[in-house]
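Asker: I'd like to ask you about the structure that follows.
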Amino acid sequence: MKLGIHFMDFNLPGEPATLAGHMKDTARAAEDAGCTKFTVMDHYFQMEFFRTAQDPMLEAYTSLGYLAAVTDSMELATLVTGVTYRHPGLLAKIVTTLDVLSQGRAQLGIGAAWYEREHRALGVEYPPLAERFQRLEETIQIVLQMWSDDDGPYRGRYYQLDETICQPRPVSAPRPKLMIGGNGETKTLPLVARYADVCNIIPSSVDEARRKFEIIEARCVDYDRNPAEIERTVLASFLDTSNPDAFLTSCEELAALGVELIEIRAETDTPAAYVRDFAQYVVPRMADLG
């Protein structure tokens, strides 16, 4: 089992001047301690249930491009990009650029989007939920086509592309991994079963995680997919990260469900120090699980 770091809090001492240093130091501390993935949120505004919309929020892919330059081995992704934030063709180009410049370390993390206020505030279209999911599936299809040998048109209900050229090609072979994030059992998890290389769920318990994975397994039958092809990852919002030993006990339970990576959130005024100390203790022990 592996450990990832989710960087989501930009309300740090001395911001904005100190944010570049905080991100660089935290990412390097994570990599040095053996973490294998580093993610950032993709939002225009900070989430209101976490802080306030007026608190700082950096643009995700600019941040990941910076992190690509100051790290060497970790996978880099958003957790996750809302489908409404960028046109699918542009999104494919952005992730491809990140993949090329990071030498094959980019993933595309994507979901249906949910934060209505930031859309309305900046004048970005916010369709009804059913349409967002339809757009999500079309976006996935477009990105996968742009990462294939098919440079021809794409004709969907919401998106029409005359050409799907994407040059240069991604460095990742055969392409960057597609991660679909979310817990929804009716729409999201079936999309995971059909398209995803990686799933990310945010369960409230080990039992809930088990149920989500069972649903994915059942839906994989519909698409003639082997569930083992889908990497299972969890954002550990329900785990006790204040107690590393208790955290490891929960990791063992999740490893028994096939979870390969757990992400923790660095929510302190000193994220680099927190990540270094926590990861140095748990990463070697997590490697023995699963």
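Read the figures in this text as sums done on the coordinates, not as results from a lab. This one's a predicted model, so the numbers in the text were calculated from it and none came from an experiment. A quick note on method: Cβ atoms are made from the backbone with ideal geometry, for glycine too, and the neighbour counts reach across all protein chains shown.
Asker: Find how much the distance from Glu185 to Thr270 grows on full extension, using 0.36 nm per residue of separation minus their present alpha carbon separation; answer in nm with one decimal.
Answerer: Result: 26.9 nm gained on full extension.
Asker: Can you put Phe238, Phe10 in order of Cβ neighbours within 10 angstrom, beginning with the fewest?
Answerer: Exposure proxy ranking, most exposed first: Phe238, Phe10.
Asker: Roughly how many Å is it from the Cα centre of region 225-290 to that of region 5-54, as a whole number?
Answerer: Cα centroid of region 225-290 versus Cα centroid of region 5-54: 18 Å apart.
Asker: In Å and whole numbers, how far do the C-alpha atoms of region 2-286 stretch along each principal axis, longest first?
Answerer: 51, 44, 35
Asker: What is the calculated FRET efficiency for Asp222 to Tyr281, with r their C-beta to C-beta distance and R₀ = 41 Å, to the nearest 0.05?
Answerer: On the way: r = 42 Å, r/R0 = 1.02.
Plugging the Cβ-Cβ distance into 1/(1 + (r/R0)^6) gives 0.50.
Asker: Along the Cα→Cβ direction, 7 angstrom out, place labels at Gln103 and Asn243. What is the inter-label distance in nm?
Answerer: 4.2
Asker: Now, a different point. Under a straight-distance cross-link criterion of Cα-Cα below 13 Å, which aspartates and glutamates are reachable from Lys187, leaving out those fewer than 8 residues away in the same chain?
Answerer: Glu131, Glu137
Asker: Right, something else. DSSP loop trypsin sites (Lys or Arg not before Pro) in region 153-236 with at most 11 other Cβ atoms within 10 Å of their Cβ, which ones?
Answerer: Arg157
Asker: Placing unit charges on C-beta atoms (Lys and Arg positive, Asp and Glu negative, everything else neutral), compute the dipole magnitude of region 180-290 about its Cα centre in debye, rounded to 20.
Answerer: 260
Asker: While we're on this one: Could I have the simple spin-label model distance between Lys24 and Thr62, label points 7 Å from Cα toward Cβ, reported in nm to one decimal?
Answerer: 1.7
Asker: Give the dimensionless ratio obtained when the Cα radius of gyration of region 1-149 is divided by 2.2 N^0.38 Å.
Answerer: Working it through for region 1-149, the quotient is 1.07.
Asker: Would you mind getting me the FRET efficiency between Arg211 and Ala17? Use the beta-carbon distance for r and R0 = 41 Å, nearest 0.05.
Answerer: After rounding to 0.05, the efficiency reads 0.35.
Asker: Another question, if that's okay. Please give the contour-minus-distance gain from Asp32 to Ala173: 0.36 nm per residue of separation, less the Cα-Cα distance, rounded to one decimal in nm.
Answerer: Result for the pair: 48.2 nm of gain on full extension.
Asker: What are the residues whose amide H is under 5 Å from the amide H of Val80, where those residues sit 5 or more places off or on another chain and H is modelled from the backbone?
Answerer: Amide H to amide H, under 5 Å and 5 or more residues apart or across chains, Val80 pairs with Asp42.
Asker: Using the structure shown, list the pairs from Lys93/Lys212; Lys2/Lys212; Lys2/Lys24 with a Cα-Cα distance above 28 Å, or answer none. Could the numbers behind the result be given before it?
Answerer: Numbers: Lys93/Lys212 31 Å; Lys2/Lys212 20 Å; Lys2/Lys24 21 Å.
Over 28 Å apart, Cα to Cα: Lys93/Lys212.
Asker: Another question, then. Based on the alpha-carbon gyration tensor of region 34-105 and its eigenvalue square roots a ≥ b ≥ c, which shape applies: rounded if a/c is under 1.5, prolate if not and a/b is larger than b/c, or oblate?
Answerer: Cα axes put region 34-105 in the oblate bin.
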